[in-house]
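Asker: The structure is given below, and queries will be raised subsequently.
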Amino acid sequence: MPPSAHHVAAVAVLVLHEGRVLALRRAPDAEAAPGVWEALSGRIEPGEAPRATARREVREEAGLDVAVEARPWTAYAATRAGEPMIVIVYRAVPHDVPEVVRSHEHDAHAWLDADAFAAHSPIAPLVDAVRTALAAAPPDPSAAPTERPAGRRAR
């Protein structure tokens, strides 16, 4: 299989609260894109469902427990450290009043409206996703189905 056939699979999570999205700035010593403002994101681990990755990354990077919509909001192609990547974007809402506890990967955070996010982030497909996510009706956390244990199928 040619090298171009392999892609890193990742998620980006648009955590929405009161008409704003949680944005984080990557730390200066970050492995990729130091200093860039982004949404919460991370690689999908082998055997992990993308939606489970979304919840895990939000907990790890921001200390928040969120309800993640069952269906992805959008997806886009990107490159990270020279590797082709597919990014699956989800919308999520915090279960409680959000008190962000950043991981070492980020050195700042802010709740931004769509225009402010666009002014901070150079990632055009992510900016587009934020604009459409904030323009749409907010996610309904009560409508998010509970996650099934790995290997279980719906009947």
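Derivation of every value follows stated rules applied to the coordinates shown; laboratory data play no part. Keep in mind the model is a prediction, meaning the values are calculated, not measured. All Cβ positions, glycine included, derive from the backbone under ideal geometry; neighbour counts span all protein chains shown.
Asker: Using a Förster distance of 25 angstrom, determine the FRET efficiency expected from the C-beta separation of THR132 and ALA81, and round it to 0.05. All intermediate terms of the calculation are to be shown ahead of the outcome.
Answerer: Numbers: r = 27 Å, r/R0 = 1.10.
So, using R0 = 25 Å, E works out to roughly 0.35.
Asker: Students often check this: by mean Cβ neighbours within 10 Å, which of 110-118, 45-53 ranks highest, and how do the rest follow? Don't jump to the answer; show the numbers that get you there.
Answerer: Values: 110-118: 17.1, 45-53: 14.4.
Put in order of decreasing packing, that is 110-118, 45-53.
Asker: From the helices alone, meaning DSSP H stretches of at least four residues, give me the mean residue ellipticity at 222 nm for the chain, per-run term -39500 (n - 2.57), in deg cm²/dmol to the nearest 500. Don't skip to the answer; put the middle values down first.
Answerer: Details: 3 runs with 32 residues, N = 155.
Value at 222 nm, helices only, nearest 500: -6000 deg cm²/dmol.
Asker: Continuing with this model, one more query. Around HIS106, under 10 Å between beta carbons, what's the net of Lys plus Arg minus Asp minus Glu among the other residues? Kindly include the intermediate steps, with their values, before the conclusion.
Answerer: Working: positive: ARG25, ARG26, ARG102; negative: GLU38, GLU61, GLU105, ASP107.
After counting each charged neighbour, the total is -1.
Asker: Given R₀ = 22 Å, what would the calculated FRET efficiency be for GLU60 paired with HIS120, taking r from the Cβ atoms and rounding to 0.05? Before the final figure, lay out the partial values.
Answerer: On the way: r = 22 Å, r/R0 = 0.99.
Approximately 0.50, to the nearest 0.05.
Asker: Something else: How do the peptides 73-80, 128-135 rank, highest first, by the average count of neighbouring beta carbon atoms within 10 Å per residue? Don't jump to the answer; show the numbers that get you there.
Answerer: On the way: 73-80: 15.1, 128-135: 18.4.
Packing proxy ranking, top to bottom: 128-135, 73-80.
Asker: Restricting to bridges with both residues inside the chain, how much of the DSSP beta-bridge set is antiparallel, in percent to the nearest 5? Numbers along the way, then the final one.
Answerer: Working: 24 of 32 bridges.
So the antiparallel bridges amount to about 75 percent of the total.
Asker: Could you check the simple spin-label distance between VAL8 and GLU99, using points 7 Å along Cα→Cβ, in nm with one decimal?
Answerer: Those two pseudo-labels are separated by 3.3 nm.
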